[in-house]
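The structure under discussion appears below in the form of structure tokens.
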């Protein structure tokens, strides 16, 4: 499985699991396809922030 902390591993259209800000306490994941990559730096210790096709914004935990 690819590392969700590296921007180079994430591309628009990828199927991913993200954690929403409101779910950080529970760890609940949201699944969808990447529409936009919001983090500009090449890596982030908590995951690259993306916007999914449905409009949800969160940090990538898993890439499929």
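Each value in this text was obtained by applying a stated rule to the coordinates, not by laboratory testing. The shown structure was predicted, so the numbers you read here are calculated from the model rather than taken from an experiment. Here Cβ is always computed from backbone atoms with ideal geometry, including for glycine, and neighbour counts include all displayed protein chains.
A few notes on this one:
- Checklist (1) in contact (Cβ under 8 Å) with a residue 60 or more places away in the chain; (2) part of a strand (DSSP E or B) applied to residue 50, failing item: (1)
- Selection count, the range 29-47, where residues are in contact with a strand residue (DSSP E or B) (Cβ under 8 Å, 6 or more places away or on another chain) and assigned to a loop (DSSP other than H, G, I, E, B): 6
- Scanning the range 7-28 for residues that are surrounded by 13 or more Cβ atoms within 10 Å (Cβ to Cβ), outside any loop (DSSP other than H, G, I, E, B) and under 10 Å from the mean Cα position of the chain (by Cα) yields 7, 16, 17, 18, 19, 20.
- Exactly one residue out of 39, 26 is touching a residue at least 24 places away in the same chain (Cβ under 8 Å) and more than 17 Å from residue 54 (Cα to Cα), and it is 39.
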